[in-house]
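Read the structure below first, then the notes.
Each value in this text was obtained by applying a stated rule to the coordinates, not by laboratory testing. Treat the numbers as computed from the prediction; the structure is a model and nothing was measured. Don't worry about glycine lacking a Cβ; one is built from the backbone with ideal geometry, like all the others, and counts go over all protein chains shown.
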Amino acid sequence: MKLADSVLKRLTGMEPFPQPPLVKTRFPVVLMHGFGMMASLRRGGHLHEEALHLRAHGVWAYAPNVVPYNTVEVRSAMWKQRLAHLLEETGAAKVNLIAHSMGGLDARYLVSALGMHAVVASVVTVSSPHHGSCIADLVKEQPERLQAWAAGFVNWMGTNSLEEGTSDVLTAVSELTAAHVCEVFNPAVPDHPDVRYWSYAGRAGKGTGVPLNPVLLLNNTVLHAREGENDGFVSVESAKWGTYLGTIDADHTQQVGLRYTPRSDFDSNDFYLSVVKRLAKEGL
C-alpha cells in the first residue's frame with residue numbers, strides 16, 4: 001500500500017497545502033511605477049502582474065497607474081487620489097509604498113509635501129534617482145529642435161495614456177537631472193520622522209557581468225562612464241536613500257517585469273514578494 005500511495009501522489013501531484021503561503025502585512029501595499037510607458041505594454045499596466053502575485057499570497061496589493069510623462073508634483077497629486085480610493089476601499093489606516101524609479105521621488109513628495117505622512121507607514125524605493133540621473137542630463141544636452149520634436153510625440157502618447165492624462169515630458173526630464181534633484185528637490189523634500197525609508201539599487205551591463213537589455217546599452221555605457229555601476233537608467237549610488245538594503249542584479253526594465261534581457265534569472269514577482277516579506281517581519 002505504501003508503494004501504491006507513493007505512486008498515486010507522484011501522479012496526481014497532490015499536496016496538503018498547494019496554495020501559496022500567506023504573507024501577513026499590517027497595511028496594504030501600493031506599487032508605484034516610474035517614468036515612461038514601456039511597462040504599460042503589459043496587461044493592466046505597470047507592475048500589475050506583480051500586484052496580482054502578491055494578492056495570491058494574501059497581500060492587499062495595488063498597482064495604480066498615473067500619467068507617465070509629467071512632473072513629480074503632477075504625478076503625486078494623482079497618487080494622492082489613488083491612495084484615498086484604496087484607503088476607503090480597504091478601511092486601512094496606512095499603506096506601505098514600494099516605488100520604482102521616478103515613483104520613489106513621487107513617494108517622498110507625497111509624504112513630505114502633500115502631508116501623506118499620516119497614512120504612509122513606509123517607503124521602499126527601487127532604483128530611484130534620489131541624486132538624479134545623467135541620462136536626464138544627456139537628453140537635455142541634445143539640440144532643442146530634436147528635443148521639441150521628440151517631446152511632441154511623447155506628450156501625445158502620455159496625454160492619451162489615461163482618461164485624465166496630461167503630459168510635460170521636458171519639464172519632467174529636467175527635474176530628474178542631478179542638479180535639480182540634489183539642489184532643489186532633496187532640500188525641499190526631507191524625510192518625515194514618522195515614516196520608515198528603505199532603498200534598493202539595480203545593476204547590469206558594463207562592469208557587472210549581469211545581462212542587460214540591449215535597448216539600454218547606450219544608456220548603460222554613458223552612465224557607467226559618469227556614475228559607475230547602473231541598471232541602464234539609474235546608478236547604484238544615486239539609488240541609495242534611507243536604509244540601503246542592497247543591490248539587485250537586474251536592469252531597469254527587468255525590475256518591472258519586462259523580460260527582454262537574455263540569460264537572466266531575475267524574477268520581479270519573487271523580488272517584490274521578498275520586499276513585502278521584509279515589511280511583514282517589520283510589523284508593517
**Request:** Enumerate the calculated ³J(HN,Hα) couplings along the range 126-135 in order (Karplus 6.51 cos²θ - 1.76 cosθ + 1.60, θ = phi - 60°), each rounded to whole Hz, writing x wherever the residue is Gly or Pro.
**Result:** 10, 6, 8, x, 5, 10, x, 9, 5, 5
**Item:** Local electrostatic count at Glu227 - Lys and Arg +1, Asp and Glu -1, tallied over other residues with Cβ under 14 Å
**Value:** 0
**Asked** With the Cα gyration tensor of the range 23-281 giving a ≥ b ≥ c as the square roots of its eigenvalues, does the rule (a/c under 1.5 for rounded; else a/b larger than b/c for prolate; else oblate) give rounded, prolate or oblate?
**Response** rounded
**Message:** Can you compute the helix-only [θ] at 222 nm over the chain? Use -39500 (n - 2.57) per DSSP H run of at least 4 residues, normalise by all residues, nearest 500 deg cm²/dmol.
**Reply:** -11000 deg cm²/dmol
**Request:** Label the range 30-128 by shape, choosing from rounded, prolate and oblate, from the square roots a ≥ b ≥ c of the eigenvalues of the Cα gyration tensor; if a/c is under 1.5 it is rounded, and otherwise prolate applies when a/b is larger than b/c, oblate when it is not.
**Result:** oblate
**Request:** Sequence neighbours fewer than 8 away in the same chain don't count; with that in mind, list the aspartates and glutamates whose C-alpha is under 19 Å from Lys206.
**Result:** Glu227, Glu229, Asp231, Glu237, Asp249, Asp251, Asp265
**Asked** Net charge near Leu170, counting Lys/Arg +1 and Asp/Glu -1 over other residues with Cβ under 12 Å of its Cβ?
**Response** -2
**Message:** Around Met102, under 10 Å between beta carbons, what's the net of Lys plus Arg minus Asp minus Glu among the other residues?
**Reply:** -1
**Message:** Classify the range 169-284 from the C-alpha gyration tensor, please: rounded if a/c falls under 1.5, else prolate or oblate depending on whether a/b exceeds b/c.
**Reply:** oblate
**Request:** Go through the range 158-228 and name the GluC sites (Glu not before Pro) that are in a DSSP coil and have 13 or fewer other Cβ atoms within 10 Å of their Cβ.
**Result:** Glu163, Glu164
**Request:** State which entries of Lys240/Lys281; Lys24/Lys80; Lys80/Lys277; Lys94/Lys140 exceed 31 angstrom in Cα-Cα distance in the structure shown.
**Result:** Lys94/Lys140
